[in-house]
Amino acid sequence: MTTPTPASPLAPAWLPAPTDPDALDPKVWSAGTARADDGGLAVQGVSAAALAAEFGTPLLVMDEDDFRARARSFREGFDSTFRDLCGGADVYFAGKSMLTLSTARWAAEEGLRVDTASGGELAVALRAGVDPAHIGLHGNNKSVAELAAALDAGVGRIIVDSVDELVFLAAFAAERGQVAPVMLRLTPGVHAHTHDFIATAHEDQKFGLSLAPSSEGRDGGIAGVSPAAVAVRIALQADSIELLGVHCHIGSQIFEADGFGLAAERVLGFLAEVEAEHGVALPELDLGGGHGIAYTSVDEPRPAAEIAAALAADVRKAVERLGLTCPRISIEPGRAISGPAGLTLYTVGVTKTVDADAPDGSTASRRYVAVDGGMSDNPRPVLYDADYTAVLASRTSDAAPALSRVVGKHCESGDILVRDVWLPVDVTRGDLLAVPATGAYTHVMASNYNALTRPAVVAVREGEARVIIRRETVEDLLRREVDPQNPS
Ligand SMILES: *Cc1c(COP(=O)(O)O)cnc(C)c1O
């Protein structure tokens, strides 16, 4: 079925015409995804056609075994690598990437802890039965109600983001006769991008306490002293604060080890300064999340054990140079656990082919394949220019690959799900398409734009699919309306 396809001048350089557009690159699909004997896609032995028939489309399909295996590989990889050096490592699943009762339980059952970033996420993790001592609460602007909920639940750590928040929390916990377990979020001046990172001394962003000395004593700070150092002084003096350690998170979808290593080095340097100034060795260091995954074949993610080994080498160097006892390490992977475990099934509706102007001045054809979802179930292409790929999921095809663009059904020309992909030219109404690596930042970012109802989420394990989030209905949407013509 090898059909030679001429390259298109419209195709980006990274996207060569495939010899077989039905092939599955194992990098971007969950471990349980394969083509069945009839050519259709199957997840853990359940066919895409059967899933679509039973649950409808668009449908987010989570390969539960894949999610669990990735969670385990982070926990085992990091804990064993850091055992001798730092007494081990804790892995917090970044709930914000894909938080449901089920996914929180899968993470906890595999020995992970759970990070939350709002009162709502905290409530989901608690309802899932996650041990409160194993929950972290993040946020640059937590509400009073969120802080109260965290203290009442007895969460293991509140990650404090600013001097303002620390001062408030110290007084708030004291007033309630409670002690808040606190990690301070530092901005180490390292910004990781997908293929490089920039290191700066100063910080111009909403998150975190800068390590750079303030030029003035503003916001309750001290001129010539970093906000991070000011926060440590306040935290150590407050009886209502238990200062556990420090945290940093340098970005997302990061493939290189350098950024994590440099951030660790800077933050460990800060811990050494704290020890010199206060005689206190803080016991915990959280190095955040952001580990990259393969959305398309160009991305080259590394296995968890390799990420751990590279980081451990940098941490070892830094603690030896600084003469520090290594604090216990934690990390917060989100997408690296949930992302590759998910795929979205769509049904194809309208197709059309247009003449498009290529960057080289020529004209070439582009096929538009419209599906029954769009930017409301996956806003990442619109928000971040994120690239995805797709395959024909209900069958295979011998037709030639055509440079295609998968678009949604919203009233926006920017409503693109897959900007560039080679799909068989006979993809047509009624076919199923599958988009891989949609387990993270899709369900949790979904909207009701154009009053579309949000898709169901099913978990597949050992040949069985079960709904973990039911499909939204129009009734659900109408339920929030307060109708002045029909006061109830
Ligand atoms: C978003 C976030 C994460 C997870 O990022 P991923 O890219 O999903 O790994 C971890 N920690 C913090 C503080 C975050 O904001």
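Before moving on, here are some points about what is shown:
- Residues that are surrounded by fewer than 20 Cβ atoms within 10 Å (Cβ to Cβ) and among the aliphatic types (A, V, I, L, M) within the range 265-317 comprise ALA272, ALA276, VAL280, ALA281, VAL298, ALA305, ALA309, ALA310, ALA313, listed in sequence order.
- Members of the range 239-250 that are of a type outside the set (Ser, Thr, Tyr) and either open to solvent by less than 20 Å² (accessible area, probe 1.4 Å) or more than 8 Å from the ligand (Cβ to nearest atom) (or both): ASP239, ILE241, GLU242, LEU243, LEU244, GLY245, VAL246, HIS247, CYS248, ILE250
- Every test in (1) open to solvent by 50 Å² or more (accessible area, probe 1.4 Å); (2) within 16 Å of the ligand (Cβ to nearest atom) is passed by ARG454 save one, and that test is (2).
- Checked against (1) in a helix (DSSP H, G or I); (2) among the small types (Gly, Ala, Ser); (3) in the same structural domain as THR473 (by TED's automatic domain parsing); (4) buried (at least 18 other Cβ atoms within 10 Å of the Cβ), SER73 passes all but a single condition, namely (3).
- Residue check, PRO436 touching a residue at least 12 places away in the same chain (Cβ under 8 Å) and closer than 19 Å to TRP29 by Cβ: yes
- Enumeration of residues in the range 373-386 that are within 16 Å of the ligand (Cβ to nearest atom) and touching a helix residue (DSSP H, G or I) at 6+ places or on another chain (Cβ under 6 Å): PRO379, ALA386
- Top-ranked residue of the range 1-18 - restricted to ones that are hydroxyl-bearing (Ser, Thr, Tyr) and surrounded by 13 or more Cβ atoms within 10 Å (Cβ to Cβ), ranked as modelled with the highest pLDDT: SER8
- Neighbours by Cβ (under 7 Å, 6+ apart or cross-chain): first from the range 186-208, modelled with pLDDT of 75 or more and surrounded by 12 or more Cβ atoms within 10 Å (Cβ to Cβ); second assigned to a loop (DSSP other than H, G, I, E, B) and of a type in the set (Ser, Thr, Tyr): GLY189/THR200
- Of all residues making up the range 437-485, the number that are of a type in the set (Gly, Ala, Ser) and more than 26 Å from ALA42 (Cβ to Cβ): 2
- Considering the conditions (1) open to solvent by 50 Å² or more (accessible area, probe 1.4 Å); (2) in contact with a helix residue (DSSP H, G or I) (Cβ under 6 Å, 6 or more places away or on another chain); (3) part of a loop (DSSP other than H, G, I, E, B), SER30 is excluded by exactly one of them, (1).
- Only a single item in (1) more than 15 Å from CYS326 (Cβ to Cβ); (2) touching a Leu at 6+ places or on another chain (Cβ under 7 Å); (3) more than 16 Å from the ligand (Cβ to nearest atom) is not met by GLY269, and it is number (1).
- In the range 332-372, the qualifying residues are those that are more than 16 Å from the ligand (Cβ to nearest atom) and within 21 Å of the chain's Cα centre (by Cα), and the one that is farthest from ASP426 (Cα to Cα) is LEU343.
The values are calculated or read from the model by the stated rules, or taken from the named source; none is laboratory data. Just so we're clear, the structure is a prediction, and the values are computed from it rather than from any experiment. For neighbour counting, all protein chains shown are included, and Cβ atoms are generated from backbone atoms with ideal geometry for every residue, glycine included. The accessibility values were calculated without ligands, DNA or RNA, using every heavy atom of the protein model including side chains. Shrake-Rupley method; radii C 1.70, N 1.55, O 1.52, S 1.80 Å.
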